[in-house]
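Colleague: Submitted below is the structure of interest, expressed as structure tokens.
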Amino acid sequence: MQTFTPLDPAGKTVGMYCCGPTVHDFAHIGNFRTFVFADLVRRYLEYQGFSPVHVMNITDVEDKIIKRVHEAKTSLREFTGKFETAFLDDLTSLNCLQPHHTPRATEHVPQMVDLIGKLMSRGIAYQAPDKSVYFSIKNYQGCGCGYGQLVKLNFDEMRPDKRVASDEYEKESAADFALWKARVSEDGEVFWPSPWGEGRPGWHIECSAMSMNLLGPSFDLHLGGEDLIFPHHEDEIAQSEGATGQPFVKHWMHGAHLLVEGKKMSKSLGNYFTLRDLLAKGFSGREIRYLLLTAHYRESFNFTLDGLCGARVALSRIDECLGKLRQTAGNTSAAPEPTVLARIIESLDEDLNISGAWGVVFEWVRELNRALAAHELMPEQAAAALAAWVQMDTIFGIGAKADTEMPAELLVLLDDRNAARKAKDFKRADSIRDELKSQGWVIDDTPTGARLKKL
Ligand code: AMP
Ligand code: ZN
């Protein structure tokens, strides 16, 4: 076990940053595996008495977004706003705690320009003839800094990655990456002013600027999916340490991928389910969260609908046991049973071994069921077991069935109502509102979109 010591001299506040979604579409459950993992880390830190400051950026400017804005003949904000709201709603469906800060890239361009300015003044960045600004790996290394802190790199084999614009042949070296992309006609109205001319920030600089803006030049934890290790995170380190001269991040945690038949679930392979696809099939956010939380974060695993049905069965075993415990406990209350909690913590302290923790939970459920069936459990013991569940569930975030379950059809109805309003079919929108009300739910139209609240 490695003891976690935050940078905060008081040992309390923990700065944590998780690379957020690119809001060009609905996120798939592969993406959500990473965000549920970040939620688990945050909940565990809170359980241990730390005060994490959880930052998750919203990447709301990027090549694909610009292309789609252009095709849809809409504005950047209107286009990304829809998917950002959907994403935050999906986090709620998965019972993820909302991050404390969700900065949008488009609202931090001055901070990015400032950071690029620092790199320019230190001679680590240069403007190429195409007017774009690039990070110079050679000059960075010349300052005694290490490029390749997370991965071993072979510079001879390095080629520009897919996220780099095709017109970047003017770079001095193939390994260099764009900090500022000069405006081109395809960008339409998506551009910002800068000392190097109009343009837009590169993807990597967004995360350096937003994380350091909210958490300072050095912070404790940086998370993301394992596909981001290179080049994204390597470039974040280079830009940040190159500009500040200080260590950027103390601990990196990378979540392994969710796979489908052995391949990474991704938009480009088309082998994905969005959360909404699965809700529409009648699965609950709770079941999906549980499934995403079953494997150790360093282990990839295959998503299947059968696996999701297995999650339903596993949860019903917990629910049934909790139901019987409630009956036995009646009005008795008790302090949480400490042994099971200690075993769960012991497991999670070993590099967040969640699968081990679930093993403890199901062994405990089996033993409780046996004791309940044999009428050996006193009301105080049942109450202590229930109290232990409440405590461990502040980490798991699974909840009890009745607490979190929002029938999938209601979310589908809410989507229909949003579509009706958009199409100015107010009669249909009102009739859906009445239908939802008759089922005990009211629509709350917030500035970030419509949500359902229990009457
Ligand atoms: P994106 O919206 O593509 O920038 O991705 C958002 C987050 O989802 C990043 O942290 C990715 O690493 C993560 N991610 C993408 N695909 C998967 C997957 N199949 N399994 C786990 N995480 C993923
Ligand atoms: Zn990032």
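The values are calculated or read from the model by the stated rules, or taken from the named source; none is laboratory data. Values in this document were obtained by computation on a predicted structure and should not be read as measured data. A quick note on method: Cβ atoms are made from the backbone with ideal geometry, for glycine too, and the neighbour counts reach across all protein chains shown.
Colleague: What's the total number of residues in region 237-273 that are closer than 23 Å to residue 17 by Cβ and among the charged types (D, E, K, R)?
Modeller: 3
Colleague: A further question on this structure: List the helices (runs of 4 or more DSSP H) inside region 338-455, counting only whole elements, that have at least 2 residues being free of Cβ contacts under 8 Å to residues at least 60 places away in the same chain and of a type in the set (A, V, I, L, M, F, W, C).
Modeller: Those helices (runs of 4 or more DSSP H) span 338-349, 354-373, 379-396, 408-422, 426-438.
Colleague: If you take the residues of region 1-27 that are more than 25 Å from residue 235 (Cα to Cα) and in contact with a strand residue (DSSP E or B) (Cβ under 6 Å, 6 or more places away or on another chain), which of them is surrounded by the fewest Cβ atoms within 10 Å (Cβ to Cβ)?
Modeller: Out of the qualifying residues, it is 12.
Colleague: Test residue 243 against the stated conditions and say whether it is away from ligand 1 (no atom under 16 Å from the Cβ), outside the structural domain of residue 382 (by TED's automatic domain parsing) and farther than 30 Å from residue 413 by Cβ. Steps first, answer last, please.
Modeller: Values: away from ligand 1 (no atom under 16 Å from the Cβ): yes; outside the structural domain of residue 382 (by TED's automatic domain parsing): yes; farther than 30 Å from residue 413 by Cβ: yes.
Considered against the rule, which asks whether it is away from ligand 1 (no atom under 16 Å from the Cβ), outside the structural domain of residue 382 (by TED's automatic domain parsing) and farther than 30 Å from residue 413 by Cβ, residue 243 comes out as yes.
Colleague: Still on this structure, I have one more. Quick check on my filter: what residues within region 21-75 are more than 23 Å from residue 276 (Cβ to Cβ), within 16 Å of ligand 1 (Cβ to nearest atom) and not in a strand (DSSP E or B)?
Modeller: Selection gives 41, 42, 61, 63, 66.
Colleague: Can you tell me how many residues within region 195-238 are within 11 Å of ligand 2 (Cβ to nearest atom) and polar (S, T, N, Q)?
Modeller: 2
Colleague: May I ask you to list the residues in region 179-204 that are aliphatic (A, V, I, L, M), farther than 13 Å from residue 61 by Cβ and either in a loop (DSSP other than H, G, I, E, B) or touching a helix residue (DSSP H, G or I) at 6+ places or on another chain (Cβ under 7 Å) (or both)?
Modeller: The answer is 179, 184.
Colleague: Just to be sure I understand, how many residues within region 289-319 are charged (D, E, K, R) and either free of Cβ contacts under 8 Å to residues at least 40 places away in the same chain or not in a helix (DSSP H, G or I) (or both)? Full working, then the answer.
Modeller: Within region 289-319, the subset charged (D, E, K, R) is 289, 298-299, 306, 312, 317, 319.
Next, from what is left, pick out any that are either free of Cβ contacts under 8 Å to residues at least 40 places away in the same chain or not in a helix (DSSP H, G or I) (or both): 298-299, 306, 312.
Counting residues in region 289-319 that are charged (D, E, K, R) and either free of Cβ contacts under 8 Å to residues at least 40 places away in the same chain or not in a helix (DSSP H, G or I) (or both) gives 4.
Colleague: What do you reckon, is residue 283 in the same structural domain as residue 116 (by TED's automatic domain parsing), buried (at least 19 other Cβ atoms within 10 Å of the Cβ) and either away from ligand 1 (no atom under 15 Å from the Cβ) or modelled with pLDDT of 95 or more (or both)?
Modeller: Values: in the same structural domain as residue 116 (by TED's automatic domain parsing): no; buried (at least 19 other Cβ atoms within 10 Å of the Cβ): yes; either away from ligand 1 (no atom under 15 Å from the Cβ) or modelled with pLDDT of 95 or more (or both): yes.
No; evaluated as a whole, the condition is false for this residue.
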